[in-house]
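Peer 1: First the structure, then my questions, so here it is.
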Amino acid sequence: MVKGALTEVSPLMVMADMDVNIRDLVEVDPEKMSGTPCFTGTRVPLTHLFDYLEAGDNLDDFLKDFPSVTRDQALGVLELMKKRILTEYETAA
């Protein structure tokens, strides 16, 4: 298995053809955090960002607590999720 490679079809792969290169934002490596999707170049799982936002914390709080994640990475992930949701909604309608 290639490190950082996505091995099965996932929402992340579906979004790979969008404006942002998914590999610049998200890394999936079975030897890092047991394959949990993390921000590229970090050991910070994407779920931490969503957990912070769900708890009512803002992006600056998240970035302060996880300085290895850049603002561009966090905003890029949120943009990809937004596009994914809107694409699915349009397809379902």
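Here, each number is a calculation from the coordinates, and none is a lab measurement. Since the structure is predicted, the reported quantities are computational estimates derived from the model, not experimental observations. We place every Cβ from the backbone using ideal geometry, glycine too, and count neighbours over all the protein chains shown.
Peer 1: Would you pick out the residues in segment 47-74 that are loosely packed, with under 14 Cβ neighbours inside 10 Å and either of a type in the set (Lys, Arg) or part of a helix (DSSP H, G or I) (or both)?
Peer 2: Result: 47, 51, 54, 60, 61, 64, 65, 71, 72.
Peer 1: Being touching a strand residue (DSSP E or B) at 6+ places or on another chain (Cβ under 9 Å) and either of a type in the set (A, V, I, L, M) or closer than 21 Å to residue 85 by Cα (or both) is the filter here; which residues of segment 52-73 pass it?
Peer 2: 69, 73
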